[in-house]
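We did not get these values from a lab; they are worked out from the coordinates using the rules stated. As the structure is a computational prediction, the values presented were derived from the model and not from experiment. Neighbour counts are summed over all protein chains in view; Cβ atoms, including those assigned to glycine, are modelled from backbone coordinates with ideal geometry.
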Amino acid sequence: MMNNIEIVTAGNKHFSFLKEHDLHITNTILKRKLENNEILIMELNDTSIGWLRFSLFWDEIPFMNMLYVLSDYRRKGYGKMLVNHWENLLIEKGYTRFLTSTLANEDAQHFYRKIGYTDVGGFVLPLEPLEILLIKDIKQSAT
């Protein structure tokens with residue numbers, strides 16, 4: 001099943017897929033993220049099944065803003081594959097630390113810990129659960 005997987009930098013041809021499924025950002029921001037090559041798309045047999053959207057925290061640490069795999073494809077290793085691909089792309093560019101966050105009431109926190117991210121802090125917005133910040137430091141994990 002994993003043989004027909006391709007991870008590519010999202011382009012204009014992915015706009016409608018992302019617009020339909022990524023409801024957390026506006027079309028204006030989506031277009032900017034596409035122009036800045038800040039979204040990776042996972043395709044299975046030429047069909048988009050998930051994406052990873054990122055930015056730079058403090059303009060220097062890669063921050064995974066959104067990891068999403070369509071429900072039919074979850075718990076099959078695709079999310080881990082997408083994160084590993086993203087990390088490897090950025091390691092090649094010299095980055096050694098990665099950040100992400102998730103709400104304390106979401107299962108994603110367990111996924112991130114399982115793939116090597118550790119809690120580094122958190123904050124609470126009004127009327128929201130705790131937002132957990134997680135970090136993965138390649139330099140530390142390599143020693």
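General observations
- Two-site FRET efficiency, Lys93 against Lys31, from Cβ-Cβ distance with R₀ of 30 Å, rounded to 0.05: 0.80
- The range 97-143, relative contact order in percent, only Cα pairs under 8 angstrom and at least six apart counted: 46
- When both the range 92-143 and the range 1-66 are represented by their alpha-carbon centers, they are found 19 Å apart.
- The Asp137 and Ala108 beta-carbon pair, evaluated with R₀ = 25 Å, returns a calculated FRET efficiency of approximately 0.80.
- Under the simplified labelling scheme, the Trp58-Asn12 pair shows an inter-label distance of 3.8 nm, with each label point 7 Å from Cα along Cα→Cβ.
- A Cβ-based charge dipole, computed about the Cα centre of the range 97-143 with Lys and Arg at +1 and Asp and Glu at -1, lands at about 320 debye.
- Long-range amide H partners of Ala10 with built H, under 5 Å: Ile39, Leu40, Ile41
- What the Cβ-Cβ distance of Ile5 and Glu128 gives, at R0 = 35 Å and to the nearest 0.05, is a FRET efficiency of 0.55.
- Sorted from greatest to least, the principal axis extents spanned by the alpha carbons of the range 31-143 come out as 39, 34, 31 Å.
- The chain, dipole about Cα centre (Lys/Arg Cβ +1, Asp/Glu Cβ -1), debye to the nearest 20: 200
- Shape category assigned to the range 15-93 from the gyration tensor of Cα positions, a/c cut at 1.5: oblate
- At 1.306 mPa s and 10 °C, Stokes D of the range 97-143 from Kirkwood alpha-carbon radius, µm² per second: 143
- Antiparallel DSSP beta bridges within the chain, as percent of all bridges there, nearest 5: 95
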